[in-house]
Amino acid sequence: MQEIETMTIGEKLGIALKAFELLDAGDNEGYIRTMKTAPLPPHLAKAAKDTIGVDFLTNGGWNLSEAEATFGSDWLTR
(Lines give C-alpha, C1' and ligand atoms only; values in the text may rest on other atoms or scores of the structure.)
Protein backbone atom coordinates (compact mmCIF):
# COMPACT_ATOMS: atom_id res chain seq x y z
CA MET A 1 0.00 0.00 0.00
CA GLN A 2 1.40 3.37 -1.02
CA GLU A 3 1.83 5.99 1.70
CA ILE A 4 -0.06 9.21 1.01
CA GLU A 5 1.44 12.51 2.15
CA THR A 6 -0.89 15.15 3.58
CA MET A 7 1.84 17.75 4.09
CA THR A 8 4.68 18.77 1.83
CA ILE A 9 8.26 18.00 2.75
CA GLY A 10 8.77 21.76 3.17
CA GLU A 11 5.92 21.99 5.66
CA LYS A 12 7.28 19.04 7.63
CA LEU A 13 10.76 20.57 7.61
CA GLY A 14 9.33 23.86 8.88
CA ILE A 15 7.71 22.06 11.80
CA ALA A 16 10.94 20.23 12.59
CA LEU A 17 12.98 23.45 12.48
CA LYS A 18 10.55 25.19 14.82
CA ALA A 19 10.62 22.18 17.15
CA PHE A 20 14.43 22.14 17.25
CA GLU A 21 14.44 25.84 18.08
CA LEU A 22 12.24 25.06 21.07
CA LEU A 23 14.51 22.19 22.07
CA ASP A 24 17.58 24.43 21.81
CA ALA A 25 15.80 26.93 24.05
CA GLY A 26 15.24 24.21 26.65
CA ASP A 27 11.52 23.75 25.99
CA ASN A 28 11.31 19.96 25.77
CA GLU A 29 7.51 19.90 26.09
CA GLY A 30 7.18 22.47 23.32
CA TYR A 31 9.48 20.38 21.15
CA ILE A 32 7.35 17.26 21.61
CA ARG A 33 4.08 19.15 21.17
CA THR A 34 5.35 20.74 17.94
CA MET A 35 6.76 17.50 16.51
CA LYS A 36 3.39 15.80 17.05
CA THR A 37 1.78 18.30 14.67
CA ALA A 38 3.66 16.75 11.74
CA PRO A 39 1.98 13.62 10.40
CA LEU A 40 3.27 10.41 11.90
CA PRO A 41 4.44 8.27 8.96
CA PRO A 42 1.91 5.50 8.30
CA HIS A 43 4.39 2.66 8.81
CA LEU A 44 5.31 4.07 12.23
CA ALA A 45 1.66 4.60 13.16
CA LYS A 46 0.88 0.99 12.24
CA ALA A 47 3.86 -0.30 14.19
CA ALA A 48 2.80 1.76 17.22
CA LYS A 49 -0.77 0.43 16.95
CA ASP A 50 0.47 -3.16 16.74
CA THR A 51 3.07 -2.94 19.52
CA ILE A 52 2.00 -0.19 21.93
CA GLY A 53 -1.73 -0.04 21.29
CA VAL A 54 -4.50 2.17 19.98
CA ASP A 55 -4.73 4.23 23.19
CA PHE A 56 -1.16 5.48 22.71
CA LEU A 57 -2.14 6.93 19.34
CA THR A 58 -5.61 8.22 20.16
CA ASN A 59 -4.67 9.81 23.49
CA GLY A 60 -1.18 10.97 22.54
CA GLY A 61 -2.06 13.94 20.36
CA TRP A 62 -0.39 12.52 17.25
CA ASN A 63 -1.22 13.77 13.77
CA LEU A 64 -2.51 10.59 12.12
CA SER A 65 -3.66 12.19 8.86
CA GLU A 66 -1.24 10.26 6.65
CA ALA A 67 -2.06 6.93 8.30
CA GLU A 68 -5.78 7.64 7.79
CA ALA A 69 -5.18 8.63 4.17
CA THR A 70 -3.15 5.46 3.58
CA PHE A 71 -5.12 2.87 5.58
CA GLY A 72 -8.61 4.43 5.69
CA SER A 73 -10.43 6.39 8.36
CA ASP A 74 -11.32 3.25 10.36
CA TRP A 75 -7.80 1.78 10.48
CA LEU A 76 -7.47 2.15 14.25
CA THR A 77 -10.59 0.13 14.98
CA ARG A 78 -9.98 -2.80 12.68
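Restricting attention to region 67-78, and to residues there that are among the hydroxyl-bearing types (Ser, Thr, Tyr) and not in a helix (DSSP H, G or I), which single residue is surrounded by the most Cβ atoms within 10 Å (Cβ to Cβ)? Write out each step before concluding.
Of all residues in region 67-78, those among the hydroxyl-bearing types (Ser, Thr, Tyr) come to 70, 73, 77.
Narrowing further to those that are not in a helix (DSSP H, G or I): 73, 77.
Numbers: Ser73: 10, Thr77: 7.
So, considering only residues that are among the hydroxyl-bearing types (Ser, Thr, Tyr) and not in a helix (DSSP H, G or I), the one surrounded by the most Cβ atoms within 10 Å (Cβ to Cβ) is Ser73.
Look through region 41-66, keep the residues that are in contact with a strand residue (DSSP E or B) (Cβ under 6 Å, 6 or more places away or on another chain) and farther than 18 Å from Leu17 by Cβ, and return whichever of them is surrounded by the most Cβ atoms within 10 Å (Cβ to Cβ).
Let us first name the residues in region 41-66 that are in contact with a strand residue (DSSP E or B) (Cβ under 6 Å, 6 or more places away or on another chain), namely 63, 65-66.
Right, trim to farther than 18 Å from Leu17 by Cβ and you get 65-66.
Numbers: Ser65: 17, Glu66: 21.
Top of the filtered list is Glu66.
Condition first: at pLDDT 95 or above and at positive phi. Can you find one or more residues in region 22-33 that meet it?
The first filter runs over region 22-33 and keeps only residues at pLDDT 95 or above, leaving 22-33.
Now drop any that are not at positive phi, which leaves 26.
Within region 22-33 (the criterion being at pLDDT 95 or above and at positive phi), the answer is yes, since at least one residue qualifies.
In region 1-55, which helices (runs of 4 or more DSSP H) lie fully inside it and hold 3 or more residues that are aliphatic (A, V, I, L, M)? Steps first, please.
Numbers: elements: 9-24, 28-35, 42-51.
Helices (runs of 4 or more DSSP H) meeting the threshold: 9-24, 42-51.
Would you point out which residue out of Asn28, Asn59 is within 25 Å of Leu76 (Cβ to Cβ) and without any contact (Cβ under 8 Å) to a residue 60 or more places away in the chain?
Details: Asn28 fails: within 25 Å of Leu76 (Cβ to Cβ).
Of the residues listed, the single one that is within 25 Å of Leu76 (Cβ to Cβ) and without any contact (Cβ under 8 Å) to a residue 60 or more places away in the chain is Asn59.
I'd like the full set of residues that are β-branched (Val, Ile, Thr) and farther than 21 Å from Glu5 by Cα, limited to region 33-61. Spell out how you get there, then give the answer.
The first filter runs over region 33-61 and keeps only residues β-branched (Val, Ile, Thr), leaving 34, 37, 51-52, 54, 58.
Within region 33-61, Thr51, Ile52, Val54 qualify.
The values are calculated or read from the model by the stated rules, or taken from the named source; none is laboratory data. These numbers were taken from a predicted model, which means no experiment stands behind them. Note: ideal-geometry Cβ built from the backbone for every residue, glycine included; neighbour counts use all protein chains shown.
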